[in-house]
Every structure is written in structure tokens, then in C-alpha cells.
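The next block holds one structure in the form of C-alpha cells; read it before the comments.
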């Protein structure tokens, strides 16, 4: 079994650059920076920044060029691809990039929208999924006597230890 899956959450380092392939299909490329914070051996907080090259095709490219700007936050789901070529001096060059399969725009007010490319009859189409509000779950005040409440708590603890396959998010 093989898997080539990448999730990147970061900020754009430059505005998306849109081009068209000879076939007419739009393609867009842009950079995303991700930060990692950690504490070094001296106890000082440090920051490490990685820069990623992102490429998107089709409707996803149109959406990225329309809505993304330098500095905006974005979540990219995609796959890694490494290309190689010879430059003008004959030296072999390599470039690793992320080919976007889905992107989710960062927060802008309360609105978050996810765009995903899905193959359909050997053609890619764009599907828009809007996030629903997360329901608020409030604890109910219990009128159960303390002894019964303790017994119920022990039973619930035992139930929580069991893992149901339906609870796994993937």
C-alpha cells in the first residue's frame, strides 16, 4: 500500500500566478509558509519556518487566483511531486511541489469554505462544501442521587475505554 498525502496550513508568501496550459486548462502556482514553534535546550522559544511551492489545476486554480492573496491563510490538501529538468548550463535541477487536490480558505469573519477537485468521468470538477456551524453541547444538570450518579459515571468510564470503528475520523 502506498500513500502520498500532504496537509499544509499556512500563509501565502506571494499572490497566486495564473497561467494556462497549451490545452487551455488553467494552472496557478503560489508559495505557502508554515511555522513550527519549539523550545530549545536553553528553554528559549524558537520558530522554524518552512516554505512550500503549491500548484493547482482546473477550477481549483481559478478559485485560488480569485480568492487568495499574499498573507492570507489557507489549508491545502494534496500530494507531493518532484520534477527534474536541465537548466541552460546543462545542470540537472529538481523542484518538489505540492499538487493541490483541495483547499480551504482561512478565516474571514465566520465564513469558511472548502473547495475540492474530484474526478468524474475522467474530468475534474469543482465541488463546493460549506462548513456547518458546530453545535454547542451543554451539560445537563442532573437530578439523579449521588450514589446512582457515581455508578453511572463508572459505567460511562468503561464505555469510553472501548473504541468503536465508527468513531475513527478516517
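A short reminder: the numbers here are calculations on the coordinates, not readings from a lab. Bear in mind the structure is a predicted one, so any value in this text is a computation, not a measurement. All Cβ positions, glycine included, derive from the backbone under ideal geometry; neighbour counts span all protein chains shown.
Between residue 34 and residue 21, the contour length at 0.36 nm per residue exceeds the alpha carbon distance by 1.8 nm.
Between residue 48 and residue 84, the C-beta separation translates, for a Förster distance of 22 Å, into a calculated FRET efficiency of about 0.20.
Extension gain, residue 75 to residue 14, is 20.4 nm, computed as 0.36 nm per intervening residue step minus the present C-alpha separation.
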